[in-house]
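Input: a single structure, listed below in structure tokens.
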Amino acid sequence: MALKRVLTLRTVIATSAGLTLASSSFVAAVQVASFLAGDAAWLAILTAGFLCLGAACCFSELNARLPSAAGIRLYFSRAFNDRLALTISLLYMTVVMGVVGAESYVLAFVLNAAFPAVPPLAWILVMFMVVTAMNIRGVKIAGTFQELITCGLMGSLLVLGFIALSKVDFHLTGPFATGGLPAFISAVAVGVFLFAGFEWVTPLAEEVTHSRQVSRGMLLAVGLLSVVYALFTVAMTATTPRQALVASPAPQVVFARNVLGPAGVIWMVILSLAASITTFNAGLISVSRFVYASAREYVLPPVFSRLSMRFFTPWVAILTVFATGVIISLVVLVTHRYLVLVNLAAAIESIVYALAGLAVIRLRQKDLEAGGSCRAGGMFVPVITTLVFAGLAVAVMLTDLYVLPCLVAGFAIMWWYVYRVVPVLKSKYQPRRPSRRRRPVAGTAEAGCEKS
């Protein structure tokens with residue numbers, strides 16, 4: 001059994017954009033603005049988007065070389081070594097699922113303000129169960145749902161941004177006032193989080209009608225997100241006091257109330273709900289495929305590679321991601337440590353993008369002809385991607401002192417798993433090739449016949 005090739009370019013764009021377009025992204029957008037002196041957040045966001053386009057070019061070439069549901073694990077394995085690839089990819093997958101916790105916290109705050117009688121966890125459970133049921137029924141259903149919600153969400157954010165800017169006659173205070181180079185670098189580093197996860201669409205390489213759609217979808221998604229984020233963030237900072245935005249775990253609600261009153265709050269609650277649903281749905285689609293591919297190669301227990309006989313979906317992997325998301329969401333709701341997850345995601349994202357650029361360089365040295373029309377143009381793009389995102393990772397770690405210890409602890413745990421657990425799984429479950437029977441030497445066979 002195998003996954004079905006039914007996904008189109010529209011679904012790829014919606015999934016890539018939906019993974020990043022979350023309620024917690026508004027928190028990160030306000031963080032970007034808080035580093036800068038004037039309404040120059042658009043400049044930092046477009047810069048972060050431009051850098052992510054370079055990373056998208058690198059992932060496009062890697063996907064063209066190695067189209068697989070294993071995604072970055074396979075890319076880094078071929079470029080570096082299998083153990084490092086496993087450690088990084090498993091850590092990255094864990095952090096991406098951790099972002100769901102930050103997303104759940106922000107959404108719970110928004111919904112609790114609108115419907116205080118309903119416990120926040122109830123909203124999260126209902127959304128998770130609805131999205132999980134759609135994913136088990138089939139990736140085509142989940143993909144169509146993703147297209148509709150993402151398109152409506154991005155359109156609404158653009159409309160709301162223009163309405164807000166029209167109230168100030170499109171006048172911005174210091175649109176180029178960054179407050180200095182260090183502040184601008186910190187803003188760009190956190191701005192990377194706004195695009196975090198766009199490349200997780202690569203695990204859908206075995207379900208698209210053509211593998212090139214993954215590459216095109218990533219590039220288009222990053223471009224669209226850059227425009228939407230830049231406009232909406234500037235609209236927030238130009239119309240609402242920045243202190244009020246920074247102090248709230250749901251700044252988009254504060255902004256909507258300031259611009260449109262109670263009607264704006266209702267509109268933003270609906271948009272926040274849609275943003276969270278797109279993130280949960282896109283995360284289930286992509287991360288479950290990565291879990292499925294890892295189990296198929298005995299990196300995880302093979303039970304996670306089971307496919308539904310009826311719907312051809314990795315139902316065990318989907319249910320596992322669902323359970324993990326609920327647990328992480330519950331932990332964040334109790335601890336309130338959602339900003340740590342935002343910065344942690346920005347850091348690991350920068351590290352993975354730097355490694356992606358380095359992987360392109362290494363694979364080109366091994367095979368100059370592969371990559372085809374999806375090559376990331378010369379050596380400039382992968383080299384700049386590697387250097388810039390390595391520097392941004394350091395900038396994020398200096399911004400939040402909790403990030404580095406969390407990364408070190410996570411890396412140590414995954415390294416132990418790769419060295420201790422994965423070999424046991426492979427020795428226990430991986431089919432062994434039958435040893436070849438040696439053919440008798442001609443002289444020996446003839447001697448045996450003579451004796452008989």
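When a/c reaches 1.5 or more, the comparison of a/b and b/c decides; with that in mind, is the range 66-170 rounded, prolate or oblate per its Cα gyration tensor? Since a/c reaches 1.5 and a/b is larger than b/c, the shape of the range 66-170 is classed as prolate. On the beta carbon distance between T173 and V227, with R0 = 22 Å, the FRET formula returns roughly 0.55. Per residue, the chain exposes 42 Å² of solvent-accessible protein surface, assessed with a 1.4 angstrom probe and all protein chains in place.
Placing dummy labels 7 Å off each Cα toward the beta-carbon, the span from L181 to I163 is 4.2 nm. Go through the range 136-179 and name the chymotrypsin sites (Phe, Trp or Tyr not before Pro) that are in a DSSP coil and have 14 or fewer other Cβ atoms within 10 Å of their Cβ. Qualifying residues, ordered by number: F170, F176. Once you reduce the range 9-56 and the range 305-340 to the center of their Cα atoms, the two points are 25 Å from each other.
Checking every one of the trypsin sites (Lys or Arg not before Pro) in the range 397-433 against DSSP loop status and a limit of 10 other Cβ atoms within 10 Å picks out R432.
Applying 0.36 nm per residue to the separation of L121 and K426 and subtracting their alpha-carbon distance, the gain on full extension is 106.0 nm. Only helices enter this figure: runs of n ≥ 4 DSSP H residues, each worth -39500 (n - 2.57), summed and divided by the residues of the chain, yield -24500 deg cm²/dmol at 222 nm to the nearest 500. The simple spin-label model puts a point 7 Å past each Cα toward its Cβ; for M129 and I384 those points are separated by 5.0 nm.
Taking Lys and Arg as +1 and Asp and Glu as -1, the other residues whose beta-carbon sits under 12 Å from that of L19 total -3. FRET efficiency for the A37 to D367 pair, using the beta carbon distance and R₀ = 35 Å, is estimated at 0.15.
The values are calculated or read from the model by the stated rules, or taken from the named source; none is laboratory data. Since this is a predicted model, take the numbers as computed values, not measurements. Cβ coordinates were reconstructed from backbone atoms using ideal geometry, including for glycine residues, and neighbour counts include every protein chain displayed. The area values use the complete protein model at the heavy-atom level, side chains included, leaving out ligands, DNA and RNA. Shrake-Rupley method; radii C 1.70, N 1.55, O 1.52, S 1.80 Å.
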